[in-house]
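These notes concern the structure reproduced below.
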Amino acid sequence: QVQLVESGGGLVQAGGSLRLSCAASGRIFSGYAMGWFRQAPGKEREFVAAISRSGSSTDYTDSVKGRFTISRDNAQNTVYLQMNSLNPQDTAVYYCAAVRMLLGTRRQAKEYEYWGQGTQVTVSS
């Protein structure tokens, strides 16, 4: 079992940067692929990025490619999302999620087993 807690959200102007963190506990962190999702008011939850258990494979939705970077530190039981060149379309609650996987990543929210409570990111224009 895994418990996840996100942090690092806040208010930033367009063009700025934020780094989100997701701290895990309760299970061997290195046994899980990790993902970031986001949900804006009135919109469905959407995939943002994912990383395999070893960190060797990553995946991004098209709208964040070249701007966001997902990484993990298994020794610290933490996954990160570095967000650069933020724009108002990035405004949402960002959620960290985990799924038991030996290889690869997943994009569908329904495939993830554990979720954090989310952290708000607001980008002003």
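The values are calculated or read from the model by the stated rules, or taken from the named source; none is laboratory data. Remember, predicted model here, so these are calculated numbers, not experimental data. Note: ideal-geometry Cβ built from the backbone for every residue, glycine included; neighbour counts use all protein chains shown. These accessible areas exclude ligands, DNA and RNA; they are computed on the full protein's heavy atoms, side chains included. Shrake-Rupley method; radii C 1.70, N 1.55, O 1.52, S 1.80 Å.
Of the residues ALA75, ALA23, ALA97, which exhibits the maximal mean-square fluctuation in a Gaussian network model of the chain defined by a 10 Å Cα contact cut-off?
Checking each option, the largest mean-square fluctuation is seen for ALA75.
Under a crude label model (7 Å from the Cα following the beta-carbon direction), how far is GLU46 from SER71 in nanometres?
Label-label distance for GLU46 and SER71, simple model: 2.6 nm.
Could you please state how large a percent of the accessible area of the chain is carbon and sulfur, counting protein chains only and using a 1.4 Å probe?
It is 45 percent, rounded to a whole number.
In angstroms, what radius of gyration and Dmax does segment 12-110 have, counting Cα atoms only?
In Å, with Rg to one decimal and Dmax whole: 13.1, 38.
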